[in-house]
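Encoded as structure tokens, the structure appears first; notes follow it.
The values are calculated or read from the model by the stated rules, or taken from the named source; none is laboratory data. None of the values given here were measured: they were computed from a predicted structure. Because the Cβ atoms are built from the backbone with ideal geometry, glycine has one as well, and the counts that use them run over all protein chains shown. With ligands, DNA and RNA removed, areas are computed over all heavy atoms of the protein, side chains included. Shrake-Rupley method; radii C 1.70, N 1.55, O 1.52, S 1.80 Å.
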Amino acid sequence: MKPLSAEDILAPRPWPTETLEIPEWGGTVTVRGLSGTELDEFNTSVIRQKGNNVEVNRRNYRAKLVARCLVNGDGKTPLFKDEGQIVALGMQPVKILDRILEVVNRLNGTTDEEQEELIKNF
């Protein structure tokens, strides 16, 4: 194998995506993996540090993460853009959101346990 240059590493690549059937919704959704920056921004948005105390804002946590990863057919454009839609997404059955989160974790190479560990060690 050849040594990689910065240009090789930074060259555009397709995002990992997976189509997931959601029978309860009557169709499929496209789930996209996140970049390192996107995942860090999400984690930063739900973790608050006050002095030595770390608080995790779990309010609508599932929907916020799912909303960042559900995209239209181009694999890039988020389906949910405003806070009202994300709040409404959070009102969907947890079994659906968790099924999508399983794909999110697989595409991002993360697990719920790793997210918990990140929060604990923040």
Interchain or long-range residues, amide H under 5 Å from Ile47's placed H: Asn57
Amide H partners (placed H, <5 Å) of Ile22, local residues excluded: Gly27, Thr28, Val29
Length-normalised contact order of the stretch 16-116 in % [C-alpha pairs under 8 Å, at least 6 apart]: 29
Net charge, Phe80 excluded, C-beta distance under 12 Å - Lys, Arg +1, Asp, Glu -1: +1
Value of Rg/Rh across the stretch 12-64 [Cα atoms, Kirkwood radius]: 1.13
Helical mean residue ellipticity (222 nm; -39500 (n - 2.57) per DSSP H run of 4+; nearest 500) of the chain: -13000 deg cm²/dmol
Heavy atoms of Lys64 accessible to a 1.4 Å probe, total area in Å² rounded to 10: 50
Residue-by-residue Karplus 3J(HN,Hα) for the stretch 83-94, coefficients 6.51, -1.76, 1.60, Hz, glycine and proline x: 4, x, 5, 5, 4, 5, 4, x, 7, 6, x, 4
Net charge contributed by nearby residues that have their C-beta within less than 13 Å of Pro14 (K/R +1, D/E -1): +1
